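Peer 1: Have a look at the structure that comes next, please.
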Amino acid sequence: MTEHVTAQEPETEALASDELLVEEVSIDGMCGVY
Amino acid sequence: MTLAPDMAAPATVLAKVPGPTTSPGKLTDLFQLGLDAPICLTWELTYACNLSCVHCLSSSGRRDPRELSTAECKAVIDTLERMQVFYVNIGGGEPTVRPDFWELVDYATEHHVGVKFSTNGVRLDAAAAARLAASDYVDVQISLDGATREVNDAVRGPGSYDTALRAMQNLADAGFRGFKLSVVMTRHNIPQIDQFKQIADRFGAQLRLTRLRPSGRGADTWDELHPRPEQQRELYEWLTAHGEQVLTGDSFFHLSAFGGALPGLNLCGAGRVVCLIDPVGDVYACPFAIHENFLAGNVRAEGGFQSVWQTSALFTDLRKPDTGGACKSCGFYDSCRGGCMAAKFFTGLPLDGPDPECVQGYGETALAAVSALGASSPGDAAAVPRSSVDHSHRTSPARPRAAGGGPVPVSIGARPLTPQAPGGRPPAHDCDESPLAGFNPRPDA
Amino acid sequence: MTFDLDRAWQVDPRVSLRPEPFGALLYHFGTRRLSFLKNQTVLAVVRSLSDHPSARSACLAAGVPEAELPAYARALATLAESTMISERISHDSRA
């Protein structure tokens, strides 16, 4: 699985990475799913 | 398939988000504390299997007479639909040997639950492949553990390589692009890693590499199959080089401690975002942890699966914040999160300590201590936990299960289904004679 | 990607949206990607996109302050890039 932060490059006044309103991952695979 | 209904918030709202609700949390925090429904889960449909892979995580082979009926399976699917579980990863045993397999797959997709199923390919003829190629909501994963017949069949049995390749050819011929070729990495097949990629490319498939765990029959063959330390590094480098082209089931996050984190959430999702429903309806935290310590409940109980997922004591416990335990002081804890719970458990290690394959070497130290304990008390029960859930085909004589582990001689070949040797376990099920006893396979659609 | 707040948007029909206490999960059955909407406001915006003539209108109706529109535009851009949401084709004639 990949955690993708696909927002644009942050500008100087942009939110810190953990303030993103949307985050994405690919979920083929997630530990515990063989 | 129509858009899944946009449901109101589930009746049981588990308030567990840290901080004010308007402030977005870290993704890992959200996962760590669990979700109201699994994102996806593994559902083993049957313990029956035509193969006897030596590392089978579910010790499959013989059907269990208590397996969920077709109607009970549909009731589970109804629950999953209601909970808006996005997809199920169907496996087993070999799920396609269930006579109602296609009926259940169709029922799931008709009820807004995607299906990805794992198979050794035995029933994937041209008709099955065409059926799969026609559906957007069904994905298939072919298991193969060697790029050559020799390496593969040593683990999965004679004929299994040919079965898998034939299935892949059928899928490719039917125009199904992007099905998965799934490999469990062992010390014998890591040297073949580039060849696996070539095989996947040849059939238009996507390669998936997953980690071997000492679970099920894997506990007996762990010592001879698990990667050597230098192979772990090799694997890590290869995964890093191939990025998202190759899937991993997020199962190699323990290797993140080699350096940069591998793609993925890098944490154990057991009981938090995933779980297992087994063929008799038992709900476990994870398919690699089929053991009473990780049994959360049963779907046949009052409240069904939803109640187990949302209120079981085990899952509530697993959803408590992870403080790191013995790994807290290690600089790599943030990327490896202490590794795989099942790997630790079945090698006798404490869950709040290092993974047995900790790339910093802390696992080896911990294992040595477990070994010493076993050696100093030879009359006591094994220091290493073992699951009592075993549906393996009968061998004659019974495979030795030495306390403390150690290499177990493994012979591959057709095993006669003879009565248990004296001193072995008494037959427990009606299905001892054949895993397909009582089955009436209908002609392939 | 520059997200156009003044166009009409909608959630892709292949997306399943599931509210969660923290916001919501979106799963795209075509791409098999999973998106996390990390607060209730962005959830309200996304859910209401097809009811509004523009994303800007959806944001304002959901209570997004003007000053925070860029942050929400970035969020919607993420969803557009992964095809969770797509532009709505209007049947009105358009220059």
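The values are calculated or read from the model by the stated rules, or taken from the named source; none is laboratory data. Note that the coordinates shown come from a computational prediction; the quantities given were computed from them, not determined experimentally. Please note: Cβ atoms are built from the backbone with ideal geometry, for glycine as well, and neighbour counts cover all protein chains shown.
Peer 1: Out of B:124, B:165, which single residue is buried (at least 23 other Cβ atoms within 10 Å of the Cβ) and at pLDDT 95 or above?
Peer 2: Every option except B:124 fails the conditions.
Peer 1: Would you be able to tell me the number of residues in the stretch B:171-195 that are assigned to a helix (DSSP H, G or I) and surrounded by fewer than 22 Cβ atoms within 10 Å (Cβ to Cβ)?
Peer 2: Looking only at that region, the number is 8.
Peer 1: Is one or more of the residues making up the stretch C:1-13 free of Cβ contacts under 8 Å to residues at least 60 places away in the same chain and aliphatic (A, V, I, L, M)?
Peer 2: No: zero hits.
Peer 1: Given the conditions (1) closer than 14 Å to residue B:96 by Cα; (2) away from chain C (no Cβ under 14 Å), which single one is not true for residue B:145?
Peer 2: Result: residue B:145 passes all but (1).
Condition check ((1) more than 8 Å from chain A (Cβ to nearest Cβ); (2) polar (S, T, N, Q); (3) surrounded by fewer than 22 Cβ atoms within 10 Å (Cβ to Cβ); (4) in contact with a strand residue (DSSP E or B) (Cβ under 7 Å, 6 or more places away or on another chain)) across all residues:
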residue	(1), (2), (3), (4)
B:228	yes, no, yes, no
B:246	yes, no, yes, yes
B:285	no, no, no, yes
B:289	yes, no, no, yes
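Peer 1: Moving on. Among the candidates C:75, C:61, C:24, C:44, single out the residue that is within 26 Å of residue B:112 (Cβ to Cβ), of a type in the set (A, V, I, L, M, F, W, C), free of Cβ contacts under 8 Å to residues at least 40 places away in the same chain and out of contact with any strand residue (DSSP E or B) (no Cβ under 7 Å at 6 or more places or on another chain).
Peer 2: Unique residue meeting the criteria: C:44.
Peer 1: Quick one: which residue in B:93, B:114, B:157, B:146 is closer than 18 Å to residue B:40 by Cα, in contact (Cβ under 8 Å) with a residue 12 or more places away in the chain and not aromatic (Phe, Trp, Tyr)?
Peer 2: B:114
Peer 1: Out of B:82, B:62, B:66, report the one residue that is basic (Lys, Arg), more than 12 Å from every other protein chain (Cβ to nearest Cβ) and surrounded by fewer than 24 Cβ atoms within 10 Å (Cβ to Cβ).
Peer 2: Matching residue, one of B:82, B:62, B:66: B:66.
Peer 1: Restricting the stretch C:17-71 to residues that are within 7 Å of another protein chain (Cβ to nearest Cβ) and of a type in the set (S, T, N, Q), which is surrounded by the fewest Cβ atoms within 10 Å (Cβ to Cβ)?
Peer 2: C:40
Peer 1: Just name the residue that is surrounded by the fewest Cβ atoms within 10 Å (Cβ to Cβ) out of those in the stretch B:96-106 that are touching a residue at least 12 places away in the same chain (Cβ under 8 Å), of a type outside the set (Phe, Trp, Tyr) and over 15 Å from residue B:61 (Cβ atoms).
Peer 2: B:99
Peer 1: Which members of the stretch B:203-220 meet the condition of being in contact with a helix residue (DSSP H, G or I) (Cβ under 8 Å, 6 or more places away or on another chain) and over 22 Å from residue B:266 (Cα atoms)?
Peer 2: Hits for the stretch B:203-220 are B:203, B:204, B:205, B:218, B:219.
Peer 1: While we're on this one: Taking the stretch B:276-319 on its own, how many of its residues are farther than 15 Å from residue B:215 by Cα and not β-branched (Val, Ile, Thr)?
Peer 2: Residues that pass the stated criteria total 23.
Peer 1: Could I ask something else about it? Exactly one condition in (1) without any contact (Cβ under 8 Å) to a residue 24 or more places away in the chain; (2) surrounded by 16 or more Cβ atoms within 10 Å (Cβ to Cβ); (3) within 30 Å of residue B:69 (Cβ to Cβ) is not met by residue B:370; state its number.
Peer 2: Just one mismatch for residue B:370, condition (3).
Peer 1: Among the residues in the stretch B:152-160, are any over 28 Å from residue C:14 (Cβ atoms), under 22 Å from the mean Cα position of the chain (by Cα), of a type in the set (Asp, Glu) and not in a helix (DSSP H, G or I)?
Peer 2: No - not one qualifying residue is present in the stretch B:152-160.
Peer 1: Hey, can you tell me all the residues within the stretch B:253-283 that are surrounded by fewer than 23 Cβ atoms within 10 Å (Cβ to Cβ) and more than 14 Å from chain A (Cβ to nearest Cβ)?
Peer 2: Correct list: B:258, B:259, B:280, B:281, B:282.
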